[in-house]
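J.: Let me give you the structure first, and then I'll get to my questions.
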């Protein structure tokens, strides 16, 4: 029996490595003879730095950056290929987890710290930069990031825009003349955790800003702000950010990186899967287990369980997903190769209780799956 364990992190509860270890422990307690292959995954959000640089594959440096509400934070910056390549995990500087739930406000948060991390990577000699954009608290279209790199974004009175997504409503003109010249000689790749467009019903604001603290009225204003931003960018830079797949990632940071820096957007789960060797790990496997904190229709927009399911399907391997919660009709996920999905909790439990017990719940559910899978194999003629 060969089992591949390739989960994402459970946001604010357990890292991908912790999830994988808990699943391995639970399964191994029932079926210790199983060959276990742990491949902690990420989709361009939290955990991408560990997935790409951890395990001795690179080095990590701590840098000071501006946090989402303007406070200084210590962020980790990864380096590969003897420092020639850098990994910028945006959530390190502007992650949602850096703000207490009661203070989250995407109308005010800024991506300035992401720009500072890119500058730090350039200062250290990197000329290939992967920016992982998931897990942020922001909805500013990457304007803060651009300002940190020298881009000027002014209102009709000639004043630089203030931080926050709502400020984009006042954007009047964009000027790239002050952009850090090193950007022209740097390849920038953006690992997107979703492939949503910038605006509209499936865009950054209406779909994701409520998770970052926006009420319905704020979400509408933020969508209007990003639509206005896209119009100004189109007029001044002749770059259409509105329908770019992944442009809506991280509150429009994906679109901003493409528009201001000429970055190329790619699905984050594909980048991590390739670098982590997931395809090779799946060869000859009998089963794969993946998972994330919440599994629902939004998982189709580039999340880890669907990325793992697609690769596993190509290898002829069934896939089971474990999630903190399941929501809605999962038929579309099954069509992508997901065999089955299970929530961790056995009965009613508060979100706080579930998050606190995530690793224990993973062990229990994995042990149960091992019993079922082993019994099914032993009953075969």
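Here, each number is a calculation from the coordinates, and none is a lab measurement. Just so you know, these numbers come straight off a predicted model, no measurement behind them. Please note: Cβ atoms are built from the backbone with ideal geometry, for glycine as well, and neighbour counts cover all protein chains shown.
J.: For 66, 138, 290, 34, what ranking results if the residue with the fewest other Cβ atoms within 10 Å of its Cβ goes first?
T.: 34, 66, 290, 138
J.: Taking the chain as the reference, fit the longest principal axis to its C-alpha atoms, fit the long axis of helix 358-378 to the helix C-alpha atoms, and give the angle between the two in degrees, 0 to 90, nearest 10.
T.: Roughly 40 degrees, rounded to the nearest 10.
J.: Of all DSSP beta bridges in the range 78-204, what percent run antiparallel (nearest 5)?
T.: The antiparallel proportion sits near 45 percent.
J.: How high is the relative contact order of the chain, in percent, counting Cα pairs under 8 Å that sit 6 or more residues apart?
T.: Here the relative contact order equals 19 percent.
J.: Full-extension gain between residue 59 and residue 236, please, as 0.36 nm times their residue separation minus the C-alpha to C-alpha distance.
T.: Here the answer is 59.8 nm.
J.: I would also like to ask the following. Quick check: convex hull of the Cα atoms in the range 59-134, volume per residue, rounded to a whole Å³?
T.: 76
J.: Normalized C-alpha radius of gyration of the range 48-269, against 2.2 N^0.38 Å?
T.: Its radius of gyration relative to the 2.2 N^0.38 Å reference: 0.92.
J.: What is the angle, in °, between the Cα long axis of helix 16-30 and the longest principal axis of the Cα atoms in the chain? Nearest 10 is fine, range 0 to 90.
T.: Between helix and principal axis, roughly 10 degrees.
J.: Follow-up. Of the DSSP beta bridges with both residues in the chain, give the percent that are antiparallel, rounding to the nearest 5.
T.: 35
J.: Kindly rank 346-354, 325-333 from highest to lowest mean number of other beta carbons found within 10 Å of each residue.
T.: In decreasing order of mean packing, 346-354, 325-333 become 325-333, 346-354.
J.: DSSP beta bridges in the range 1-76, what fraction antiparallel, as a percent rounded to 5?
T.: Approximately 60 percent, going by the DSSP bridge assignments.
J.: Also: Stokes-Einstein D for the range 201-292 at 25 °C, 0.890 mPa s, Kirkwood Rh over Cα pairs, in µm²/s?
T.: After rounding, the answer is 160 µm²/s.
J.: Report the far tail of the P(r) of the range 3-151, meaning the percent of Cα-Cα pairs longer than 28 Å.
T.: Pairs farther apart than 28 Å: 26 percent.
J.: Using a 10 Å cut-off around each Cβ, can you sort 368, 145 from fewest to most neighbouring Cβ atoms?
T.: With the fewest neighbours first, 368, 145 line up as 368, 145.
J.: Here is a further query. In whole angstrom, how far apart do the alpha carbon centroids of the range 344-365 and the range 218-272 sit?
T.: Between the Cα centre of the range 344-365 and that of the range 218-272, the gap is 36 Å.
J.: Kindly give Rg over Rh for the range 123-171, based on alpha-carbon atoms, with the Kirkwood expression for the hydrodynamic radius.
T.: Ratio value, two decimals: 1.05.
J.: Using helices alone, what [θ] at 222 nm do you get for the chain, with -39,500 (n - 2.57) per DSSP H run of 4 or more residues, divided over all residues and rounded to the nearest 500?
T.: Computed ellipticity for the chain at 222 nm equals -10000 deg cm²/dmol.
J.: Taking the Cα centre of each part, how many Å lie between the range 49-114 and the range 150-179?
T.: Comparing the Cα centres of the range 49-114 and the range 150-179, I get a distance of 24 Å.
J.: Based only on Cα atoms, what mean projected area does the convex hull of the range 1-81 have, in nm²?
T.: 6.8
J.: Relative to the longest principal axis of the C-alpha atoms of the chain, give the angle of the C-alpha long axis of helix 112-123, reported between 0 and 90° and rounded to the nearest 10°.
T.: Tilt relative to the chain: about 90 degrees.
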